[in-house]
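Comments concern the structure below.
No value in this document is a laboratory result; all are computed from the given coordinates. Keep in mind the model is a prediction, meaning the values are calculated, not measured. Cβ: placed from backbone, ideal geometry, glycine included. Neighbour counts: every protein chain shown.
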Amino acid sequence: MPIQPTEKIWHNGTLIPWEKAQIHVMSHVVHYGSSVFEGVRAYTQGDKAGVFRLREHMQRFIDSAKIYRMPLDYSLDELCQAVVEVIEANGVAPCYIRPIAFRGYGEIGVNPLKSPVDIYIANFPWGKYMPGHGGADVCISSWNRLAPNTMPSLAKAGSNYMNSQLIRMEAEINGYAEGIALDVNGYLSEGSGENLFLVRDGKLFTTPLANSVLSGITRASIIEIARDMNLEIVEQALPRELIYICDEAFFTGTAAEVTPLRSVDRILIGDGNMGPITTKIHDEFFALVNGKKADRYNWLTPVNVKVEEAVGA
Ligand SMILES: Cc1ncc(COP(=O)(O)O)c(C=O)c1O
């Protein structure tokens, strides 16, 4: 879906016009992928709007920058405030928020330390990323996820998404909605932009951080919701074939939210319909973010905007 421009983008502490948010072709990031970023959603709750787990997202942003020795010069509170400021300036909710920090125009050598760090935060309307209740038909990718001690999976870095692009392109070209990558040892890892959950015999399984996954904030939220439902949660290395014989499977992510899987490599998951545990978790997640239930986890940061219909939702 093409991006729908809004009016303002936050840049290093000030709001600038959307069309002025441009960089030079010789910026370090263009050549070497030296960026870290976040993807955040703001939901509406009736006539109110709130950003989902803003602090956790901005903390991960800070962590990603720390791994890459990228000074951000803004505190967690200031970055959270910047997100609120740009949403309120643009007056768009629900929306997707994209904070990004990168090495800008300076030196062209590989070492990024002498190139300046630029931070931008944009927001824009965005609807569903993947099929909802019908379930997604996905495949196991021929590409592996990042090997340990190569590209750090816990950093949400732009360069990691070259691997994600290979996974996603291959899947779509072959007629699937998404690909699931295995790690270098052949264990289940994650989708190109989603964490993975399986249900078998009433237990909830998810792949641990050591299997080259991003530490998803939706993943952490679903674990918390499931724990409160007294579900047994198992975080352990999962063999590929477990996904073919599980009862239910779903993706989680800021973009994908909670997306049930209908089939993997054309093998139906269960009877192909969204199963009871996925349904319970899915409905609870949306009840919380859409304000149908009280925000008992304090996951929503209020923003003061006039609420509009989601585009494409
Ligand atoms: C590779 C990858 N894994 C998992 C996720 C899910 O993370 P989150 O729930 O924080 O959006 C994302 C999306 O950000 C991702 O890009």
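Nearest 5 percent is fine: what portion of the DSSP beta bridges confined to segment 136-289 is antiparallel?
Percentage antiparallel, nearest 5: 65.
Starting with the highest mean, order 265-272, 157-164, 35-42 by the number of other Cβ atoms within 10 Å, averaged over the residues of each peptide.
35-42, 157-164, 265-272
Of the listed pairs Lys20/Lys306; Lys20/Lys128; Lys66/Lys203; Lys8/Lys280; Lys66/Lys292, which have alpha-carbon separations greater than 30 Å here?
Values: Lys20/Lys306 25 Å; Lys20/Lys128 28 Å; Lys66/Lys203 36 Å; Lys8/Lys280 38 Å; Lys66/Lys292 37 Å.
Table pairs above 30 Å Cα-Cα are Lys66/Lys203; Lys8/Lys280; Lys66/Lys292.
Residues with beta-carbon under 12 Å from that of Ile277, excluding Ile277: net charge, scoring Lys, Arg +1 and Asp, Glu -1?
-3
Could you tell me the center-to-center distance, by alpha carbons, between segment 149-164 and segment 1-38 in angstrom?
20 Å
Once amide H atoms are placed 1.01 Å from N in the peptide plane, what residues at a sequence separation of 5 or more from Ser115, or on another chain, have their amide H within under 5 Å of its amide H?
Glu107
When the chain is modelled as a GNM with alpha-carbon springs shorter than 10 Å, which of Val117, Val30, Val138 fluctuates the most?
Of the options given, Val30 has the highest mean-square fluctuation.
How high is the FRET efficiency from Lys66 to Glu235, r the C-beta distance, R0 25 Å, rounded to 0.05?
Working: r = 24 Å, r/R0 = 0.96.
That gives a FRET efficiency of 0.55.
Under 16 Å from the 7 Å Cα→Cβ point of Glu7, by amide nitrogen: which residues of segment 86-120?
So the set is 86-93.
Find the percent of Cα-Cα distances in the chain that exceed 26 Å, and round it to a whole number.
Tail of the P(r) past 26 Å holds 47 percent of the pairs.
Non-local amide H neighbours of Ser141 (under 5 Å, H modeled in plane, Pro and chain starts lacking H): which ones?
Amide H to amide H, under 5 Å and 5 or more residues apart or across chains, Ser141 pairs with Ile180, Ala181, Leu182.
Could you tell me the calculated FRET efficiency between Leu268 and Lys114, based on Cβ-Cβ distance and R0 = 45 angstrom, to the nearest 0.05?
Calculated value: 0.25.
Stretch Lys48-Asp228 to full length: gain in nm at 0.36 nm per residue minus the Cα-Cα span?
62.2 nm
Compute the long axis of helix 276-289 from its Cα atoms, compare it with the longest principal axis of the Cα atoms of the chain, and write down the angle in degrees, 0 to 90, nearest 10.
Once rounded, one gets 30 degrees.
Multiply the residue gap between Phe286 and Leu15 by 0.36 nm, knock off their C-alpha separation, and tell me the result in nm, one decimal place.
94.4 nm
Cα axis of helix 217-228 to longest principal axis of the chain: angle in degrees, 0 to 90, nearest 10?
Between helix and principal axis, roughly 40 degrees.
Using only the Cα atoms of segment 136-289, each taken as one equal point scatterer with no solvent, compute I(q) by the Debye sum, divide by I(0), and report log10 of the ratio at q = 0.09, 0.17, 0.21 Å⁻¹.
One equal scatterer on each Cα of segment 136-289 leads to -0.25, -0.93, -1.44.
What ranking do 7-19, 215-227 get when scored by the average of other Cβ atoms within 10 Å per residue, highest first? Show your work: numbers first, answer last.
On the way: 7-19: 15.2, 215-227: 19.1.
Result, highest mean Cβ count within 10 Å first: 215-227, 7-19.
I'd like the FRET efficiency for Ser142 and Lys306, computed as 1/(1 + (r/R0)^6) with the beta carbon distance as r and R0 of 45 Å, rounded to 0.05.
0.45
Based on the mean of other beta carbon atoms within 10 Å per residue, what is the order of 243-252, 273-282, most packed first?
Ranking the peptides 243-252, 273-282 by packing returns 243-252, 273-282.
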